[in-house]
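Undergrad: Take this structure first; my questions come after.
The values are calculated or read from the model by the stated rules, or taken from the named source; none is laboratory data. Everything quoted here is computed from the prediction, not taken from an experiment. A quick note on method: Cβ atoms are made from the backbone with ideal geometry, for glycine too, and the neighbour counts reach across all protein chains shown.
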Amino acid sequence: MDLEELKRAVPGLTDKGHPEKIKILGWYLHAHGNKASFQPSDIKSLYDRLHDTPPGSFSGYFKNLCDQKVFLKNTSGYRLSGSTRDALDKAYTPAGHHVQISKLLKDLPALIPNLAERTYLDEALICYENGAFRAAIVMAWNLAYHHLCDHIIKTRLADCNARWAIKYAGMHKNGTRTIKVITDFMDELKEAEVIAIAKDASIITKDIWKIMDEKLGKRNSAAHASGVAIGQLQTDAFIDDLVKNVVLKIT
């Protein structure tokens, strides 16, 4: 969405009061400028591009928005609260809005031999195309994690159970626990524990563990109503990395 599209999506944008306008422009920087955080100077730049008169100072407006928990401040700058971001997403993302999917991502499903996994990735990419980047990230993680668990059940279950008893010995103090079916992973272990056990049992390489550990953290940020901005470029890299370097490498 460029600024002209923003003006069409937000009728009377330049006539709104500065607090509302600043909030909307902050959302624009998150959702369409791929900025995790922003500064007052970034907002002023958008005022200039809109040929709009900025306030004499932004500091008071930013302070009030922070006091109202609309903006959150950290060392990197300002960001919208999760609830504010979600409300503005709903209000100003046009119905039927589609993101142009890159050829890089379009080609990924065909690389996956498992039909069920390929179909699941197709559904994740539908979320992506409709601008639901958080949902696409959560689904891409689910695909990679399920692929690992399925691989363990089918080929390395004994190794997994043996390493679990050693790595997390405290979990077995009242008797040895074992994974028998894929749903046991959800009932018995956290995702981080599963990938750590898989690394230590040499079911996955250290490089694959690093990718999954990093992506798990990003999935957690995307899955909760946090102030972390999730943009198209981040989602591209997330999906591509998990499919090419996890799903297609764990065989």
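Undergrad: So, Leu46, is that one surrounded by 15 or more Cβ atoms within 10 Å (Cβ to Cβ), free of Cβ contacts under 8 Å to residues at least 40 places away in the same chain and in contact with a helix residue (DSSP H, G or I) (Cβ under 6 Å, 6 or more places away or on another chain) or not?
TA: On the way: surrounded by 15 or more Cβ atoms within 10 Å (Cβ to Cβ): yes; free of Cβ contacts under 8 Å to residues at least 40 places away in the same chain: no; in contact with a helix residue (DSSP H, G or I) (Cβ under 6 Å, 6 or more places away or on another chain): yes.
So Leu46 does not fit the description; no.
Undergrad: Which is modelled with pLDDT of 85 or more, of a type in the set (S, T, N, Q) and in contact with a helix residue (DSSP H, G or I) (Cβ under 8 Å, 6 or more places away or on another chain), of Thr53, Thr75? Full working, then the answer.
TA: Numbers: Thr75 fails: in contact with a helix residue (DSSP H, G or I) (Cβ under 8 Å, 6 or more places away or on another chain).
Being modelled with pLDDT of 85 or more, of a type in the set (S, T, N, Q) and in contact with a helix residue (DSSP H, G or I) (Cβ under 8 Å, 6 or more places away or on another chain) holds for just one of Thr53, Thr75, which is Thr53.
Undergrad: A further question follows. All but one of (1) touching a residue at least 40 places away in the same chain (Cβ under 8 Å); (2) touching a helix residue (DSSP H, G or I) at 6+ places or on another chain (Cβ under 6 Å) hold for Ser37; state the number of the condition that does not hold.
TA: Result: Ser37 fails condition (2) only.
Undergrad: When the residues of region 177-188 are narrowed to those that are free of Cβ contacts under 8 Å to residues at least 24 places away in the same chain and in a helix (DSSP H, G or I), which ends up nearest to the chain's Cα centre (by Cα)? First the steps, then the outcome.
TA: Taking region 177-188 first, the residues free of Cβ contacts under 8 Å to residues at least 24 places away in the same chain are 177-178, 180, 183-184, 186-188.
Right, trim to in a helix (DSSP H, G or I) and you get 183-184, 186-188.
On the way: Thr183: 24, Asp184: 26, Met186: 21, Asp187: 24, Glu188: 25 Å.
Per the criteria, the residue is Met186.
Here is a yes/no grid of residues against (1) among the small types (Gly, Ala, Ser); (2) buried (at least 17 other Cβ atoms within 10 Å of the Cβ):
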position	(1), (2)
Asn114	no, no
Tyr120	no, yes
Glu123	no, no
Gly131	yes, yes
Trp141	no, yes
Ile166	no, no
Val181	no, no
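Undergrad: Taking the options Asn161, Asn174, name whichever one is free of Cβ contacts under 8 Å to residues at least 24 places away in the same chain, farther than 26 Å from Glu129 by Cα and exposed (fewer than 14 other Cβ atoms within 10 Å of the Cβ).
TA: The unique qualifying residue is Asn174.
Undergrad: Follow-up question, since we're still on this one. Within region 210-243, which residues are modelled with pLDDT of 95 or more and either in the same structural domain as Ser76 (by TED's automatic domain parsing) or surrounded by fewer than 19 Cβ atoms within 10 Å (Cβ to Cβ) (or both)?
TA: Hits for region 210-243 are Lys210, Asp213, Glu214, Leu216.
A quick yes/no check of all residues on (1) of a type outside the set (S, T, N, Q); (2) under 19 Å from the mean Cα position of the chain (by Cα); (3) surrounded by 14 or more Cβ atoms within 10 Å (Cβ to Cβ):
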{"residue": "Asp67", "(1), (2), (3)": "yes, no, no"}
{"residue": "Val70", "(1), (2), (3)": "yes, no, yes"}
{"residue": "Asn74", "(1), (2), (3)": "no, no, no"}
{"residue": "Ala91", "(1), (2), (3)": "yes, no, no"}
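Undergrad: Among the helices (runs of 4 or more DSSP H) confined wholly to region 8-80, which include 3 or more residues that are more than 20 Å from Phe133 (Cβ to Cβ) and in contact with a strand residue (DSSP E or B) (Cβ under 8 Å, 6 or more places away or on another chain)? Give the steps one after another, and end with the answer.
TA: Details: elements: 18-33, 40-49, 59-67.
By residue number, 59-67.
Undergrad: Still on this structure, please answer the following. Identify the single condition in (1) part of a helix (DSSP H, G or I); (2) touching a Phe, Trp or Tyr at 6+ places or on another chain (Cβ under 6 Å); (3) hydrophobic (A, V, I, L, M, F, W, C) that Met212 does not satisfy, given that it satisfies every other one.
TA: Answer for Met212: the failing condition is (2).
Undergrad: Still on this structure, I have one more. Let me confirm something: among Ser57, Ser37, which residue is out of contact with any Pro (no Cβ under 6 Å at 6 or more places or on another chain), of a type outside the set (Asp, Glu), farther than 24 Å from Arg8 by Cα and buried (at least 18 other Cβ atoms within 10 Å of the Cβ)? First the steps, then the outcome.
TA: Details: Ser57 fails: buried (at least 18 other Cβ atoms within 10 Å of the Cβ).
Just one listed residue meets the conditions, Ser37.
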